[in-house]
Amino acid sequence: MLGYEAPDFVARALAPHLPEGDLRVLDVGCGTGLTAEALLTHRKAEVDGIDFSPEMLEQARDKAFYGELFRADVTKPLPIPEATYDAAISSGLFTHGHVGAVAIPHILRVLKPGGLFSFSVYWKVWDRGGFSKMLGKLEKTNAIEILHHEQESHFRMLKNQHIHTLVVR
């Protein structure tokens, strides 16, 4: 296999910033559940998932660790009340042909005050997808604080394939 490591990168980046106690986490673009599974190796949490694809949600449903699963377009307001989650996590969503930075405010809205969002962005869409600009704007207006930002190779067996791994509060 190619050694896909993005789910573990975002889970490891998030884990040291999580508060003690019970946690409710939203896995954004949950797909087959790899990211939630990686998170749960680092920290116990109640995890819900959201994805646009019914087929991906069916695969996620087969994983016993999800509470609720939502089908939604994350580029639009989410069907989740404001300030519901302690954290959100995502890997593989912000890449070619998927979702741009427009989704970030919708995800931040469902986080409790001080909530955390750990995610990866494929390097080729960092500027083109508006991530650099959006995060800079949110940081400048004090809407977020960037706690972690690292560029790393997310495939052990492929060269020149990088992601930005971030944690924002």
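The values are calculated or read from the model by the stated rules, or taken from the named source; none is laboratory data. As the structure is a computational prediction, the values presented were derived from the model and not from experiment. Cβ sites come from the backbone with ideal geometry, for glycine too, and all protein chains shown count toward neighbours. With ligands, DNA and RNA removed, areas are computed over all heavy atoms of the protein, side chains included. Shrake-Rupley method; radii C 1.70, N 1.55, O 1.52, S 1.80 Å.
Could you tell me which of LEU111, LEU26, GLY67 has its Cα farthest along the dipole of region 24-169 towards the positive end, charges placed at Cβ (Lys, Arg +1; Asp, Glu -1), taken about the Cα centre? Projecting each Cα onto the dipole axis, the largest value belongs to LEU111. Amide H contacts of LEU69 (H built 1.01 Å from N, in plane; Pro and chain starts excluded): GLY49 sit under 5 Å, all sequence-distant by 5 or more or on other chains.
Applying the criteria of a DSSP loop state and at most 15 other Cβ atoms within 10 Å to the trypsin sites (Lys or Arg not before Pro) of region 95-154 yields ARG128. All other residues whose Cβ lies under 14 angstrom from that of PHE119 are scored, Lys and Arg at +1 and Asp and Glu at -1, for a net of -2. Between their Cα atoms, which of LYS112/LYS137; LYS76/LYS137; LYS44/LYS133; LYS76/LYS140; LYS44/LYS140; LYS63/LYS137 are more than 25 Å away from each other? Distance filter (> 25 Å) returns LYS44/LYS133; LYS44/LYS140; LYS63/LYS137. Stretched out straight at 0.36 nm per residue, the stretch from GLU82 to LYS124 would grow longer than its current Cα-Cα span by 12.0 nm.
Region 102-156 and region 26-76 have Cα centres spaced 19 Å apart. Placing +1 on the Cβ of every Lys and Arg and -1 on the Cβ of every Asp and Glu, with no other charges, gives the chain a dipole of roughly 500 debye about its Cα centre. Solvent-accessible area per residue in the chain equals 51 Å², computed with a 1.4 angstrom probe and all protein chains kept. Antiparallel versus total DSSP beta bridges in the chain: what percent is that, nearest 5? That works out to approximately 45 percent antiparallel.
Where does the charge balance sit around ILE80 when Lys and Arg score +1, Asp and Glu -1, over other residues with C-beta under 15 Å from its C-beta?
Working: positive: ARG24, ARG71, LYS76, ARG109, LYS112; negative: ASP27, GLU46, ASP48, ASP51, GLU68, ASP73, GLU82, ASP86.
Every neighbour counted, the sum reads -3.
When a 1.4 Å probe is rolled over the protein heavy atoms, the share of accessible surface on the chain that falls to carbon and sulfur comes to 53 percent.
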